[in-house]
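Visitor: Have a look at this one before I ask anything.
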Amino acid sequence: MRPSTEEHLIQFLKKNKEVFAWTMTDLHGISPDVITHKLSVNPNAKPVKQKKRMFGAERSQAIKEEVDKMLQAGYIRPVQYPEWLANVVLVPKPNGKWRLCIDFYGT
């Protein structure tokens, strides 16, 4: 991309930053079907429950905050007695915060 094109694009994005969702709660009117991910699971597969991981106080708090945000936004829901259980993994972001991911491989 030419530098002039890149600069024009950056200015355009900055000028229109209000159209972007910066938090989960900014996504008003978006159907959950658009952002819902479902796992294709073989019905004959044996369920796997990973051993529960323990986290320190800082990471536990980060997990709680992220889960609370997703619950409030309606992106996730509580499940009782799940057949499948996958642990969360916290990945550090460049800004010092944590990104919440799921370990479906169970390594």
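Visitor: For Thr25, all conditions in the list (1) of a type in the set (Ser, Thr, Tyr); (2) surrounded by 10 or more Cβ atoms within 10 Å (Cβ to Cβ); (3) more than 28 Å from Gly96 (Cα to Cα) hold save one; what is the number of the exception?
Guide: Of (1) of a type in the set (Ser, Thr, Tyr); (2) surrounded by 10 or more Cβ atoms within 10 Å (Cβ to Cβ); (3) more than 28 Å from Gly96 (Cα to Cα), only one is false for Thr25: (3).
Visitor: Let me ask something else. Between Val79, Val88, which is within 23 Å of Tyr105 (Cβ to Cβ), exposed (fewer than 13 other Cβ atoms within 10 Å of the Cβ) and within 21 Å of the chain's Cα centre (by Cα)? Lay out the reasoning, then the answer.
Guide: On the way: Val88 fails: exposed (fewer than 13 other Cβ atoms within 10 Å of the Cβ).
Result: Val79 is the single residue among Val79, Val88 that is within 23 Å of Tyr105 (Cβ to Cβ), exposed (fewer than 13 other Cβ atoms within 10 Å of the Cβ) and within 21 Å of the chain's Cα centre (by Cα).
Visitor: Please work out if Val67 is farther than 15 Å from Phe104 by Cα, among the hydrophobic types (A, V, I, L, M, F, W, C) and either at pLDDT 75 or above or not in a helix (DSSP H, G or I) (or both). Write out each step before concluding.
Guide: On the way: farther than 15 Å from Phe104 by Cα: yes; among the hydrophobic types (A, V, I, L, M, F, W, C): yes; either at pLDDT 75 or above or not in a helix (DSSP H, G or I) (or both): yes.
Yes, satisfied.
Visitor: If you go through segment 9-17 one residue at a time, do you hit one that is surrounded by 10 or more Cβ atoms within 10 Å (Cβ to Cβ) and touching a residue at least 12 places away in the same chain (Cβ under 8 Å)?
Guide: No: segment 9-17 contains no residue that is surrounded by 10 or more Cβ atoms within 10 Å (Cβ to Cβ) and touching a residue at least 12 places away in the same chain (Cβ under 8 Å).
Visitor: In segment 28-74, which residue that is among the β-branched types (Val, Ile, Thr) and surrounded by 10 or more Cβ atoms within 10 Å (Cβ to Cβ) is nearest to Arg99 (Cα to Cα)?
Guide: Initially, segment 28-74 is screened for residues among the β-branched types (Val, Ile, Thr), giving 30, 34-36, 41, 48, 63, 67.
From the residues that got through so far, the ones that are surrounded by 10 or more Cβ atoms within 10 Å (Cβ to Cβ) too are 30, 35, 41, 48, 63, 67.
On the way: Ile30: 22, Ile35: 18, Val41: 25, Val48: 24, Ile63: 9, Val67: 11 Å.
Checked segment 28-74; the qualifying residue nearest to Arg99 (Cα to Cα) is Ile63.
Visitor: Given the residues Val19, Val41, Val34, which is the only one that is within 21 Å of the chain's Cα centre (by Cα), modelled with pLDDT of 80 or more and among the β-branched types (Val, Ile, Thr)?
Guide: Of Val19, Val41, Val34, the one residue that is within 21 Å of the chain's Cα centre (by Cα), modelled with pLDDT of 80 or more and among the β-branched types (Val, Ile, Thr) is Val19.
Visitor: Continuing with the same structure: Restricting segment 11-55 to residues that are assigned to a loop (DSSP other than H, G, I, E, B) and of a type in the set (A, V, I, L, M), which is farthest from Glu65 (Cα to Cα)?
Guide: Among those residues, the one meeting the criterion is Ala45.
Visitor: What tally of residues in segment 24-44 results from selecting those that are under 22 Å from Val88 (Cα atoms) and either in contact with a Pro (Cβ under 8 Å, 6 or more places away or on another chain) or aliphatic (A, V, I, L, M) (or both)?
Guide: Residues of segment 24-44 that are under 22 Å from Val88 (Cα atoms), as a first pass: 24-25, 32, 35-41.
Next, from what is left, pick out any that are either in contact with a Pro (Cβ under 8 Å, 6 or more places away or on another chain) or aliphatic (A, V, I, L, M) (or both): 24, 35, 39, 41.
So the answer is 4.
The values are calculated or read from the model by the stated rules, or taken from the named source; none is laboratory data. Remember, it's a predicted structure, so these values are computed and weren't measured experimentally. So basically every Cβ, Gly included, is an ideal-geometry build from the backbone, and we count neighbours across all protein chains shown.
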